[in-house]
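*Asks:* Here it is, the structure in full.
The values are calculated or read from the model by the stated rules, or taken from the named source; none is laboratory data. If you're wondering where the values come from, they're calculated on a predicted model, not measured in any experiment. Ideal geometry is used to build each Cβ from the backbone, glycine not excepted, and the neighbour counts take in all protein chains shown.
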Amino acid sequence: MAVVFTLLSMLMTCACDLFEKKSVSSKTEEVIKTLVWYGIFNALLLVAVLLFGLDETSLLPHQLILKKPIIIISPILNYVCLFFALVAYKYVGVSVRNSFVNIDGIFFVILLVMYHLITGNADFATRLFKPLTIIGLILVFSAGMIYPHLKGPVEEGRNKDSESEEKSRGILILGIIIAVIAAFFDGSESMVTSVLIGDEIVDSLDYIAVASLLQVIFTFFLWIYLWIKNKKPHNPFRKSEKNRFLGEFCLLASDLFYVFALSRDALLGIILWNAFPVLDIVGARIFMKEKLSCIQYLVLGMLIVGAVFVGLS
């Protein structure tokens, strides 16, 4: 069942990425509108959590926050990660963005090593660097250095001159940098939740309620920003918001399936999850008509294998 739930989660993530790419084309405002839908689904999740038996005191996060003040940092990092991940879609396609976003595990390992060195547990930090981890790191960093120097995706009949190719490469590099920034915040969020907050708290319904409530509060301020900017209330329920709705719905479904997968076989779920860009690449090729060269696919493959190796270690 762990395999089934993980595959369902990967499929939902792939669908989410395709819909998000359609909803974000040029303006940063489109990213914020997508985050508004993310907040709406967090509100629905909060209602669902309450229906599972939590009472209204779960909506008062002061007790849990006083116990672990760093809880506030987790949803902030999550929001920032999503923001940069969506902004990257302005510059690169689904294949490229998600292969580089997937290196969040690398940042988690680096931050974990730094944490144990700072806290005086140098022996534990050393043991993290097993042969499989080192191979994974080499693959990821090699791919990260090679890919920006390749030619960007070139549409047939366009961008043939050297000036256009140079501009295309510059856009590609910018998109990769933004995707890597998103991966850094994702790895940081994982570090905060798993190490600084603790799994016993993160796995509780109380924490889910608090995190969802904070996400809803952040979304409210984003909605206020759109209201002030456009001088009229933003309506996320218009027909033109279809792709954003579908994208964030698939994201929520993916998270739920992944939780079910981890509850049955955490190690298997994590290993398979690190390979999810494979589906993204296939989906982007079929549905988004993204065209990459064989060398580009090879380098993206290096990123995926490297991330899987780090997950295995």
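*Asks:* So which residues in the range 162-213 are within 20 Å of the chain's Cα centre (by Cα), free of Cβ contacts under 8 Å to residues at least 12 places away in the same chain and within 22 Å of Gly93 (Cβ to Cβ)?
*Replies:* Ile177
*Asks:* Right, another one. Can you tell me which of (1) part of a helix (DSSP H, G or I); (2) β-branched (Val, Ile, Thr); (3) within 18 Å of the chain's Cα centre (by Cα) is the one Thr126 doesn't meet?
*Replies:* It is condition (3) that Thr126 fails.
*Asks:* I'd like the residue in the range 223-247 that is under 13 Å from Glu20 (Cα atoms) and among the charged types (D, E, K, R) and, out of all such residues, is surrounded by the most Cβ atoms within 10 Å (Cβ to Cβ).
*Replies:* Per the stated criteria, the residue is Arg244.
*Asks:* Of these, Ile176, Ile146, Ile181, which one is surrounded by 16 or more Cβ atoms within 10 Å (Cβ to Cβ), farther than 30 Å from Lys68 by Cβ, in contact with a helix residue (DSSP H, G or I) (Cβ under 6 Å, 6 or more places away or on another chain) and at pLDDT 85 or above?
*Replies:* After applying the criteria, what remains is Ile176.
*Asks:* Give the range 210-220 a look and list any residue that's over 15 Å from Ile32 (Cβ atoms) and aromatic (Phe, Trp, Tyr), or say none.
*Replies:* none
*Asks:* Quickly run through the range 265-291 and pick out the residues that are surrounded by fewer than 17 Cβ atoms within 10 Å (Cβ to Cβ), at pLDDT below 75 and either part of a helix (DSSP H, G or I) or not small (Gly, Ala, Ser) (or both).
*Replies:* Asp265, Ala266, Leu267, Leu268, Ile271
*Asks:* Something else: Do you know which of the residues in the range 94-120 that are over 15 Å from the mean Cα position of the chain (by Cα) and in contact (Cβ under 8 Å) with a residue 40 or more places away in the chain is surrounded by the most Cβ atoms within 10 Å (Cβ to Cβ)? Let's see the steps before the verdict.
*Replies:* Of the range 94-120, the ones over 15 Å from the mean Cα position of the chain (by Cα) are 109-120.
Now drop any that are not in contact (Cβ under 8 Å) with a residue 40 or more places away in the chain, which leaves 109-112, 115.
Numbers: Val109: 20, Ile110: 15, Leu111: 17, Leu112: 18, Tyr115: 15.
Looking at residues that are over 15 Å from the mean Cα position of the chain (by Cα) and in contact (Cβ under 8 Å) with a residue 40 or more places away in the chain, I get Val109.
*Asks:* Can you list residue pairs whose Cβ atoms sit under 6 Å apart, with the first residue in the range 221-249 being touching a residue at least 60 places away in the same chain (Cβ under 8 Å) and farther than 10 Å from Thr34 by Cα and the second being outside any helix (DSSP H, G or I) and not β-branched (Val, Ile, Thr)? Count only pairs 6 or more apart in sequence or on different chains.
*Replies:* Trp223/His234; Leu226/His234
*Asks:* Hey, among Ile70, Ile32, Ile76, Ile40, which residue is under 30 Å from Leu137 (Cα atoms), at pLDDT 90 or above and in a helix (DSSP H, G or I)?
*Replies:* Going through Ile70, Ile32, Ile76, Ile40 in turn, just one is under 30 Å from Leu137 (Cα atoms), at pLDDT 90 or above and in a helix (DSSP H, G or I): Ile76.
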